[in-house]
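The values are calculated or read from the model by the stated rules, or taken from the named source; none is laboratory data. Here the structure is a predicted model, which means the values were calculated and not measured. Cβ sites come from the backbone with ideal geometry, for glycine too, and all protein chains shown count toward neighbours. Just so you know, the surface numbers come from the protein's heavy atoms only, side chains and all, with ligands and any DNA or RNA stripped out. Shrake-Rupley method; radii C 1.70, N 1.55, O 1.52, S 1.80 Å.
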Amino acid sequence: MATIVDVIGTAALITDESVAGGVTTELNLSCYRPIKPGDIASLSAETLQAGKTLASIRVSIHRKSDGKLVAEGRHGKYVANPFEKARALEAKL
């Protein structure tokens, strides 16, 4: 499930065109209920904060059959912004 939190958290973050991804600095996962083979999961992600260099994302995993929370993850990222740096370099030239 940690891989799911990492991938979905990054996907949620890069939907903002000014962010190009980054490096995971922190990843926490809390598991509350089992999810069995064949169960369908519903995933949601929310960017809690995105600053110039750091972002924080929350990912929730629910069982689709009953809507109960299975797991929740917090994902911290260092957000490198090559687009902004490239524009700043072009402006200097």
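Summed over region 5-24, the residues that are in contact with a Ser or Thr (Cβ under 7 Å, 6 or more places away or on another chain) and at pLDDT 85 or above give a count of 2.
Let's see how each residue does on (1) touching an Asp or Glu at 6+ places or on another chain (Cβ under 9 Å); (2) of a type in the set (D, E, K, R):
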site	(1), (2)
Thr10	no, no
Ile14	no, no
Arg33	no, yes
Arg74	yes, yes
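In a residue-by-residue description of region 25-46, the property of being polar (S, T, N, Q), modelled with pLDDT of 90 or more and more than 13 Å from Arg74 (Cα to Cα) applies to at least one position. Residues that are within 22 Å of Thr15 (Cβ to Cβ) and open to solvent by 50 Å² or more (accessible area, probe 1.4 Å) were ranked within region 49-71; the one that is nearest to the chain's Cα centre (by Cα) is Arg58.
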